Amino acid sequence: MAKITFPVEATHIKMFARALFDENPVYHDASAAGGIVAPPTFPQAVAQFDPDYHLRPKPGQPWFGSAKTPSGVEGKPNSMGGLHAEQHYEYHRHPRPGDVLTVETKLGKTWEKESKRAGKLTFRERIAEYRDQKGELVVTARGVSVATERPVDQG
Amino acid sequence: MTLKAGSLKVGDKHTERVASNLSRTQIVMYAGASGDYNTLHTDEIYTTKVAGYPSVFAHGMLTMGLTGKALTNFVGNGTLTKFGVRFTNQVWPGDSLDTTITVADIRQEGGQKLADLTLSTVNQDGKEVMTGTATTRIDP
């Protein structure tokens, strides 16, 4: 997969922390002791910098969400039913504003499992390496998504 | 503020309410900040009428982020070396979430003191929505 350039910015860290209702000054105030640092799950926000990210509506392209009708596309979109099963981070250091990270994602293992609550489950693993301007590894992220055969039974 | 090995022992716990009556708007705030606009989190009409769920639900990564808030409140900033989770149940608007962090081990690795932690985030019914582990550097 193509490499993504992820500039780490203080305003983005503030918005991300706000969404978590996290008022820790190290996400909001440049004069905080130790200076601004990214919260632990901030690497996920690389999606903002992926030009092809499939879960962001784009100009001139049909979007599978509702508008005039409940879905903007015919049939079952293939991005439906993809849930997040696992996420693992390994931190070599924590990103800070001014870092320009290069993120390379590789596909890992794929496996299947039968579930009572959602039918056949297909798990897919993705491993992303976040490197800084010097090529040093900053964060390694391993995510597992699961595609379900049907919506997860809430019973 | 970094945890100190001397004032920490295996079995120590930190519990924190990380979400109260979670709103659809907070889920949308997370979509905007993270860049994940999946309609299952942002579009009630699509999610109920097309995807077949009772309502929109939170990103797993919102739950992990909220758990991360409890984690940094407990261990300090920029000290984690590992943080990994499994999402076990969905989180819905109106849910309140509590995270419990338990010290599982205190050890030395390459001249650095580390603490291994187990993580559990449950909803208002006591149902576990996320389980995980983390490792943090601590001061001697």
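The values are calculated or read from the model by the stated rules, or taken from the named source; none is laboratory data. For clarity, every value in this text was computed on a predicted model and none was experimentally measured. In this analysis, Cβ positions are derived from the backbone assuming ideal geometry, glycine residues included, and neighbour counts consider all displayed protein chains. Each accessible area value is taken on the protein alone, full model and side chains, heavy atoms only, with ligands, DNA and RNA left out. Shrake-Rupley method; radii C 1.70, N 1.55, O 1.52, S 1.80 Å.
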For peptide A:9-19, compute the average count of partner chain beta-carbon atoms within 10 Å of each residue's beta-carbon. 3
Of segment B:45-80, those with amide N under 17 Å from the point 7 Å along the Cα→Cβ vector of B:Asp12 are B:70-80
On the full set of protein chains, 1.4 Å probe, figure out the accessible area of A:Val152 and give it in Å² to the nearest 10. 20
To test your reading of the geometry: what angle, between 0 and 90 degrees and rounded to tens, separates the Cα axis of helix B:24-34 from the longest principal axis of chain B? 60
Could you pull out every one of the lysines with an alpha carbon less than 25 Å from that of A:Lys58, ignoring same-chain neighbours closer than 8 positions? A:Lys3, A:Lys14, A:Lys68, A:Lys76, A:Lys106, B:Lys49
Inverse of mean 1/r across different Cα pairs in chain A, Kirkwood, Å: 17.8
Cα axis of helix B:60-75 to longest principal axis of chain B: angle in degrees, 0 to 90, nearest 10? 30
For B:Leu114, distant residues with modelled amide H under 5 Å away: B:Arg107, B:Gln108, B:Glu109, B:Ile138
Computed about the Cα centre, the charge dipole of chain B from +1 Lys/Arg and -1 Asp/Glu charges at the Cβ has a magnitude in debye, to the nearest 20, of 280
Quick check: convex hull of the Cα atoms in the protein assembly as shown, volume per residue, rounded to a whole Å³? 142
Taking the Cα centre of chain A as origin, sum charge times position over the Cβ atoms of Lys and Arg (+1) and Asp and Glu (-1), and report the length of that vector in debye to the nearest 20. 420
So what J values fall out for segment A:95-107 if you push phi through Karplus, 6.51 cos²θ - 1.76 cosθ + 1.60 with θ = phi - 60°, rounded to Hz, Gly and Pro as x? x, 10, x, x, 5, 10, 8, 10, 10, 10, 10, 10, 6
What ³J(HN,Hα) values, in whole Hz, does the Karplus curve 6.51 cos²θ - 1.76 cosθ + 1.60 give for segment B:99-111 when θ = phi - 60°, with x put for Gly and Pro? 10, 10, 10, 10, 6, 9, 7, 10, 8, 10, 9, x, x
Could you give me the ³J(HN,Hα) list for segment A:51-67, computed from phi with Karplus coefficients 6.51, -1.76, 1.60 and θ = phi - 60°, whole Hz, x at Gly and Pro? x, 9, 3, 7, 9, 10, x, 10, x, x, 10, x, 10, 6, x, 7, 8
What is the set of long-range amide H partners of B:Gln124 at a cut-off below 5 Å, with H atoms built 1.01 Å from backbone N? B:Ser96
Take peptides A:6-14, B:78-86, A:133-141 and line them up by average Cβ neighbours within 10 Å, highest first, as a rough protection proxy. B:78-86, A:6-14, A:133-141
Once every Cα of segment B:85-140 carries one equal point scatterer and solvent is ignored, give the base-10 log of I(q)/I(0) from the Debye formula at q = 0.29 Å⁻¹, two decimals. -1.08
Size of electric dipole in segment A:34-114: Cβ of Lys, Arg +1 and of Asp, Glu -1, about Cα centre, debye, nearest 20: 200
According to the Kirkwood expression over distinct Cα-Cα pairs, how big is the hydrodynamic radius of segment B:1-134, in Å? 15.9
